[in-house]
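K.L.:
Before anything else, here's the structure in question.
The values are calculated or read from the model by the stated rules, or taken from the named source; none is laboratory data. Treat the numbers as computed from the prediction; the structure is a model and nothing was measured. Note that each Cβ is placed from the backbone with ideal geometry, even for glycine, and that neighbours are counted across all protein chains shown.
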Amino acid sequence: MKDYEHKARYHETDKMGIIHHSNYIKWYEDARINFMDILGISYKKMEEAQIISPVLEVRSEYKNMVYFDDTVIIHVDIVKYNGIRLELKYIITNKESGEIVNIGYSKHCFLHNGKIINLKKHAPNFHEMFLNASKSI
C-alpha cells in the first residue's frame with residue numbers, strides 16, 4: 001500500500017514556526033481520501049452513490065514537531081471495520097529522519113439519506129474493498 005506524502009506548507013505553521021496542531025486532522029483527511037483511492041473506493045464514487053462517511057471521533061498524539069518545508073509520510077491502517085463503522089490509524093513520520101511525529105485515530109460511520117447504513121447490505125462493492133483491506137493488516 002502506498003503511503004501519503006505531504007510537504008509542510010508555510011501557512012500551516014504557527015507563531016513558533018512549527019506546524020499548528022489543527023493541521024494534523026486535515027492531513028488525516030487527505031491521507032484517508034488517498035487511502036480510499038488506492039483501495040478503489042474513491043470518496044467521490046461513494047458520494048455519487050449518496051453515501052457519506054462522517055467523522056465520529058478523532059484523536060491525535062503529538063510525538064515531535066514538524067516544521068515548514070519538512071516532508072512527512074502518512075501511513076493509514078484499518079483498525080476495525082464491520083460494515084457500519086470504520087476505525088483508522090494514522091502514523092506520521094518525518095521522511096528525512098524516519099522519526100514518528102504523530103499518531104492519530106479516526107472513527108467513521110456510513111450514512112445514506114441521513115441514516116446509518118451497513119455497507120455490506122447497501123453497497124457490497126465498497127464493503128468488500130474495505131473488508132479486504134482490513135484483512136491484509
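K.L.:
Would you mind finding the one in LYS44, LYS89 that is out of contact with any Lys or Arg (no Cβ under 9 Å at 6 or more places or on another chain) and not in a strand (DSSP E or B)?
P.N.:
Working: LYS89 fails: not in a strand (DSSP E or B).
Just one listed residue meets the conditions, LYS44.
K.L.:
Would you mind telling me which numbered condition in (1) surrounded by 15 or more Cβ atoms within 10 Å (Cβ to Cβ); (2) under 23 Å from CYS109 (Cβ atoms); (3) in contact (Cβ under 8 Å) with a residue 40 or more places away in the chain; (4) touching a helix residue (DSSP H, G or I) at 6+ places or on another chain (Cβ under 8 Å) VAL72 fails?
P.N.:
All conditions are met except number (2).
K.L.:
Now, a different point. Looking at the stretch 23-31, can you tell me whether even one residue there is closer than 30 Å to HIS127 by Cβ, basic (Lys, Arg) and surrounded by fewer than 18 Cβ atoms within 10 Å (Cβ to Cβ)?
P.N.:
Taking the stretch 23-31 as the starting set, the residues that turn out to be closer than 30 Å to HIS127 by Cβ are 24-31.
So of that shortlist, the ones also basic (Lys, Arg) come out as 26.
Of the ones still in play, those that are also surrounded by fewer than 18 Cβ atoms within 10 Å (Cβ to Cβ) are 26.
Yes, that holds for at least one residue.
K.L.:
Just the residues that are in a strand (DSSP E or B) and touching an Asp or Glu at 6+ places or on another chain (Cβ under 8 Å), please, taken from the stretch 63-72. Walk me through it before giving the result.
P.N.:
Residues of the stretch 63-72 that are in a strand (DSSP E or B), as a first pass: 67, 71-72.
Result: THR71, VAL72.
K.L.:
Could we say that TYR28 is modelled with pLDDT of 95 or more, within 22 Å of SER134 (Cβ to Cβ) and not hydrophobic (A, V, I, L, M, F, W, C) here? So that I can check it myself, show each step before the final result.
P.N.:
Working: modelled with pLDDT of 95 or more: yes; within 22 Å of SER134 (Cβ to Cβ): yes; not hydrophobic (A, V, I, L, M, F, W, C): yes.
The answer is yes for TYR28.
K.L.:
Is there any pair linking a residue in the stretch 37-60 that is on the phi > 0 side of the Ramachandran plot and of a type outside the set (Ser, Thr, Tyr) to one that is surrounded by 13 or more Cβ atoms within 10 Å (Cβ to Cβ) and modelled with pLDDT under 95, with Cβ under 8 Å and at least six apart or on different chains, and which?
P.N.:
As it stands, the answer is GLY40/MET129, since those pairs meet every condition given.
Yes or no, residue by residue, for (1) within 12 Å of the chain's Cα centre (by Cα); (2) within 17 Å of LYS7 (Cβ to Cβ); (3) in a helix (DSSP H, G or I):
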position	(1), (2), (3)
TYR24	yes, yes, yes
ALA31	yes, yes, yes
MET36	yes, no, yes
VAL58	yes, no, no
ILE74	yes, yes, no
LYS80	no, no, no
LYS121	no, no, yes
PHE126	no, no, yes
